[in-house]
């Protein structure tokens, strides 16, 4: 009986620790996103003139430049974390057809293209 | 190419076109297939061109309260959140207006054809704030809306698919998902923004460490009318007609693809004067004269 109680306590401690790690990971990711946004416009935006046919003489205009601010930190309720775990378990056992597609090789330097959705 | 730089990609049909996902690392193949299943599931649930899809079944249901599957409920929830954020500029109930403008079939059938709009049944046409009458009950698994209100997934559906795939792709150190312009990346990727004009190259490049970018515009998914005018798929909920603003394309940065999609469309609909307010994380807009406008985000 005592062993069983001990196991439950250990299990609860392990789950709590895992949950803390997940929350920490999410907070780090949120902070990383803020850092990412900070570098986007300072270093690597390359606006190319002349990309639109017939409009190559038009200047590139910068509409506005705003002051840096601190990004908000997103807090996650523990109950939500619990629900996520349950959902994940359900999805993991559900049989699903594999979408027909093609694998290809790429590299981290190759750009991802965003066109009108 | 070193292992650190190599990525495995997977391209597959969804949302009536091709979706591309990429991931690094030895587990990439399994991650990509799992992410592809998520995207495909969203695409099949939210298509309006398959009468057996959960979205079509909901649209055809004349009851005011309908039990729907969790994924469809999740979409309606995210779409309504976008509606609240944009005060109704994003409205998932504009399907009657979209069909009346001419977009009644898959894009592969609409593109390149001359299609005239048609009159709208005035009992259906009252788009302003129609979304406010929709209620989601997660506990009961039901959506309640006035009978006759029909949903279109639009860009929010694609953004949702990208966000759901991202949850799986985050297991890789470098990854990306491109759902027809709604993009999520992690671990640092270069993202190029295509010109509003087809085959006209790139407008700009962004290096994004972790986040989303969505591009919305009026020039690609557009069609001719017999009077020579052009119509397109972006309906302005304030008029019920294709938007007539001074911007033809907007790309928005945001933490999630759904938010980026909502911000891009809201900026496009409200025009250059108000675009800055819709793009707090940054973005790029192209106006009808071809000028490029760069918006630096609040974060730097």
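The values are calculated or read from the model by the stated rules, or taken from the named source; none is laboratory data. This structure is a prediction, so every number in the text was calculated from the model and none was measured. Every residue, glycine as well, gets a Cβ built from its backbone with ideal geometry; the counts of neighbours run over all protein chains shown.
Observations on the structure shown:
- Those residues of region B:224-234 which are out of contact with any helix residue (DSSP H, G or I) (no Cβ under 6 Å at 6 or more places or on another chain) and part of a strand (DSSP E or B), in sequence order: B:224, B:230, B:232
- Total residues in region B:67-94 satisfying the condition of being touching a strand residue (DSSP E or B) at 6+ places or on another chain (Cβ under 6 Å) and assigned to a loop (DSSP other than H, G, I, E, B): the figure is 2.
- Here the condition is being under 28 Å from residue B:166 (Cα atoms) and more than 9 Å from every other protein chain (Cβ to nearest Cβ); of B:254, B:275, it holds for B:254 alone.
- Only listed residue being within 14 Å of chain A (Cβ to nearest Cβ) and over 30 Å from residue B:230 (Cα atoms), chosen from B:37, B:78, B:63: B:37
- Criterion: under 30 Å from residue B:31 (Cβ atoms), modelled with pLDDT of 85 or more, more than 8 Å from chain A (Cβ to nearest Cβ) and surrounded by 18 or more Cβ atoms within 10 Å (Cβ to Cβ) - qualifying residue of B:212, B:194, B:204, B:266: B:212
- Residues being farther than 24 Å from residue B:263 by Cβ, away from chain A (no Cβ under 11 Å) and in contact with a helix residue (DSSP H, G or I) (Cβ under 8 Å, 6 or more places away or on another chain) are represented in region B:95-103 by at least one member.
- Residue check, residue B:136 modelled with pLDDT of 95 or more and either part of a strand (DSSP E or B) or buried (at least 24 other Cβ atoms within 10 Å of the Cβ) (or both): yes
- Considering residues of region B:1-20 that are within 7 Å of another protein chain (Cβ to nearest Cβ) and free of Cβ contacts under 8 Å to residues at least 40 places away in the same chain only, the residue farthest from residue B:168 (Cα to Cα): B:1
- Given (1) at the interface with another protein chain (Cβ under 8 Å from one of its Cβ atoms); (2) over 18 Å from residue A:112 (Cα atoms); (3) over 20 Å from the mean Cα position of the chain (by Cα), number of the condition residue B:221 does not satisfy: (3)
- Residue match in region B:41-48 (condition: within 12 Å of chain A (Cβ to nearest Cβ) and more than 22 Å from residue B:235 (Cβ to Cβ)): yes
- Set B:230, B:150, B:225: member being closer than 17 Å to residue B:92 by Cβ and surrounded by fewer than 22 Cβ atoms within 10 Å (Cβ to Cβ): B:150
- Unmet requirement for residue B:219, which otherwise passes all of (1) touching a helix residue (DSSP H, G or I) at 6+ places or on another chain (Cβ under 9 Å); (2) in a loop (DSSP other than H, G, I, E, B); (3) in contact (Cβ under 8 Å) with a residue 24 or more places away in the chain: (1)
- Put simply, of B:28, B:23 the only residue that is more than 9 Å from chain A (Cβ to nearest Cβ), under 19 Å from residue B:180 (Cα atoms) and buried (at least 21 other Cβ atoms within 10 Å of the Cβ) is B:23.
- Of all residues making up region B:269-290, the number that are out of contact with any helix residue (DSSP H, G or I) (no Cβ under 9 Å at 6 or more places or on another chain) and surrounded by fewer than 23 Cβ atoms within 10 Å (Cβ to Cβ): 6
- Any hit, region B:188-205, residues being in contact with a strand residue (DSSP E or B) (Cβ under 6 Å, 6 or more places away or on another chain) and farther than 17 Å from residue A:111 by Cα: yes
- Residue in region B:166-185 that is nearest to the other protein chains (Cβ to nearest Cβ), counting only those that are over 15 Å from the mean Cα position of the chain (by Cα) and buried (at least 22 other Cβ atoms within 10 Å of the Cβ): B:176
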